[in-house]
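The values are calculated or read from the model by the stated rules, or taken from the named source; none is laboratory data. All figures in this text were calculated on a predicted structure; none of them were measured in a lab. Every residue, glycine among them, receives a Cβ derived from its backbone with ideal geometry; neighbour counts consider all protein chains shown. These area figures cover heavy atoms from the full protein model, side chains too; ligands, DNA and RNA do not enter into them. Shrake-Rupley method; radii C 1.70, N 1.55, O 1.52, S 1.80 Å.
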Amino acid sequence: MNGKFNILVVDDDLKNIQVGINFLKKNEKYHLVFATNGKQALKRVKDSLFDLILLDIMMPEMDGYEVCRRLKEDEHTRDIPVLFLTAKQGADNLVKGFEAGGADYITKPFNSHELMARVKTHIELHYQHKKEIERLQDLLYQSQRAETIIFRAKGIAHDCNNFLNVIAPNIQKINSNVKKGISDPGDYETLFQGIVSSVRKTANLLRQFSDFGNEKKNQVSIVDMNVVVSDLVKIYRSSLNNTVDLKIDFLSQPALALADIIHIEQVLLNMIINADHAICSQPEENRRGGAITLTVSKVSPVEDAELNSASAYLKIDVEDNGIGMSQETMDLIFNPYFSTRKNEGGSGLGLAVARSIVKSHKGDIRVSSELGKGSCFSIYFPFYEEKE
């Protein structure tokens, strides 16, 4: 043990304090502070961190039991060992002291050897306790980080697959157009743009995962969600079922947010794919009127603990008229590895990763749904106010 250890001595009798200090100051590692009443002691622990408290039981206004109880109720002081100073050795007093949270007791008048031995023992125990807590916290951090990396890796694999799924349909359409002799460059340009964009977004996701492993920050910038939604729909419309109508309702002003555009596209693409699947999971006769509507709007803060840090929020609704969900399913859909598509190879990671991304942007995802009528996922981001 290196360095100084702070010890607070609390006693309304200055003679007792002086005697205790005279004994303890022989150890150069002890830094001694004193208080003469309970209120003063509680103030001392707010101002400084202590490794041990020697606390008299019998004091006016607030006795040692009450001081100890208050120390143990505060998360910042509850782990400090308290040694009661008492001239009374009755069993009732000792039991009451231990019930209040005391670690040990020392009788007055002080025996120098007993005082030094008990103080040394509890200082060492407290020191070892703190080191063990630090070790366990470090292990917990490393464990959580490893779990997060695994979670992100699986999520990125899931979303890379989403981005890459646009390539095969576009190549097939290009091949079909060539065989039909279609020469309109506009058709080919859109299809090639979708392929190039998918490859680029996949590469960016993999790069960001590499940066995450090296604890680098994501590429956050000011983005217009109107543009993000428009570009995403333009590129991936052809990948959806051809019976599904995709509609967009933009915000009438720039829909600005501070965001990592690749991650936001990752979230929105998951929502669109899930909505498409919800519609196509219905009986064939119900798919004909299938529609997905994306609405970008600006809303006031929602009155709850999750969304109250910004003056306004961007809200992106992804609504479908698919099969809908029960309340039981809605309660589980954001849990990692929960999927309603296990039999079709669903990993259950899409929505869990999406929520993690949105939370990292200080936003949230909400869902409402009704069986047989459809679902609506509402994604909130803090609205970015442009400075004049």
Looking only at the stretch 42-99, which residues are over 23 Å from residue 116 (Cβ atoms) and of a type in the set (Gly, Ala, Ser)?
90, 91
Suppose we filter the stretch 184-206 for residues that are closer than 18 Å to residue 354 by Cα and either at pLDDT below 75 or not in a helix (DSSP H, G or I) (or both); how many remain?
4
The stretch 62-76 residues that are within 17 Å of residue 35 (Cα to Cα), paired with ones that are charged (D, E, K, R) and crowded, with 21+ Cβ neighbours inside 10 Å (beta carbon under 7 Å, 6 or more apart)
64/56
Among the residues listed as 174, 123, 167, the single one being open to solvent by less than 50 Å² (accessible area, probe 1.4 Å), under 30 Å from residue 26 (Cα atoms), modelled with pLDDT of 80 or more and aliphatic (A, V, I, L, M):
123
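So that you can scan it fast, the table gives a plain yes or no per residue for (1) surrounded by 15 or more Cβ atoms within 10 Å (Cβ to Cβ); (2) assigned to a helix (DSSP H, G or I):
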site: 8; (1), (2): yes, no
site: 20; (1), (2): yes, yes
site: 23; (1), (2): yes, yes
site: 44; (1), (2): yes, yes
site: 53; (1), (2): yes, no
site: 61; (1), (2): no, no
What residue, of 279, 262, is within 22 Å of residue 370 (Cα to Cα) and either touching a Gly at 6+ places or on another chain (Cβ under 6 Å) or β-branched (Val, Ile, Thr) (or both)?
279
The condition of being open to solvent by less than 50 Å² (accessible area, probe 1.4 Å), under 30 Å from residue 82 (Cβ atoms), at pLDDT 70 or above and assigned to a helix (DSSP H, G or I) holds, among 139, 115, only for 115
Of everything in the stretch 106-138, what is closer than 17 Å to residue 21 by Cβ and either in contact with a Phe, Trp or Tyr (Cβ under 8 Å, 6 or more places away or on another chain) or of a type in the set (Val, Ile, Thr) (or both)? Give them in sequence order.
106, 110, 112, 115, 116, 119, 123
Mind checking which pairs have a first residue in the stretch 246-274 that is within 16 Å of residue 365 (Cβ to Cβ) and a second that is of a type in the set (Lys, Arg), Cβ under 7 Å, 6 or more apart or different chains?
265/201
Just one of 244, 233, 229 is modelled with pLDDT of 85 or more, surrounded by 14 or more Cβ atoms within 10 Å (Cβ to Cβ) and within 25 Å of residue 317 (Cβ to Cβ); which is it?
229
Farther than 20 Å from residue 125 by Cα, touching a Lys or Arg at 6+ places or on another chain (Cβ under 9 Å) and surrounded by 16 or more Cβ atoms within 10 Å (Cβ to Cβ), is that true of residue 57?
yes
